[in-house]
């Protein structure tokens, strides 16, 4: 090994050690942006969440089936299927930071983008899911935004790091805000 290649290796190692661990980075969505970008918005109950190997057996994906109670935007049947990367099959697991998590029996409001003829993905990853939490008497319900965890959110205009603007709302207020956002002039759909 020459002195030059040894120095190059040391320099490369020093640069890599100085870099922060890679995390998921995404644009921050506000409620209006989620509503306008999504193809479909539904309120429903998670019926199943099952992980499986992709067709090429290189990745694990999780299918989440939601029984639809109400469609707030777009067209949805009595159920929708969300397909997202990651999950666990046997002893092998794959994790994608920043995705929404789903538990059978959980009541949710989700913002969805069509992914093929019969499947969807969650708009804005975890940002596109609200969990519905009902009071003991079930008369009142709160819509609690999913945590984005260690995701780095960027302000859409400046691309500078920012915090989530999502907040817990009464379920009726969330639905009213979605309907209001859909009546505002549309924004370009983000990819």
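Contact annotation: no residue pair with Cβ atoms under 6 Å, 6 or more positions apart or on different chains, pairs a residue in segment 47-61 that is more than 19 Å from residue 95 (Cβ to Cβ) with a partner that is modelled with pLDDT under 95 and surrounded by 10 or more Cβ atoms within 10 Å (Cβ to Cβ).
Here residue 76 clears all of (1) closer than 30 Å to residue 134 by Cα; (2) buried (at least 19 other Cβ atoms within 10 Å of the Cβ); (3) modelled with pLDDT of 95 or more except the condition numbered (3). Filtered by the rule that a residue be modelled with pLDDT of 95 or more and either out of contact with any strand residue (DSSP E or B) (no Cβ under 7 Å at 6 or more places or on another chain) or over 14 Å from residue 77 (Cα atoms) (or both), segment 106-120 gives 106, 107, 108, 109, 110, 111, 113.
The values are calculated or read from the model by the stated rules, or taken from the named source; none is laboratory data. As the structure is a prediction and not an experimental result, all values here were calculated from the model. So basically every Cβ, Gly included, is an ideal-geometry build from the backbone, and we count neighbours across all protein chains shown.
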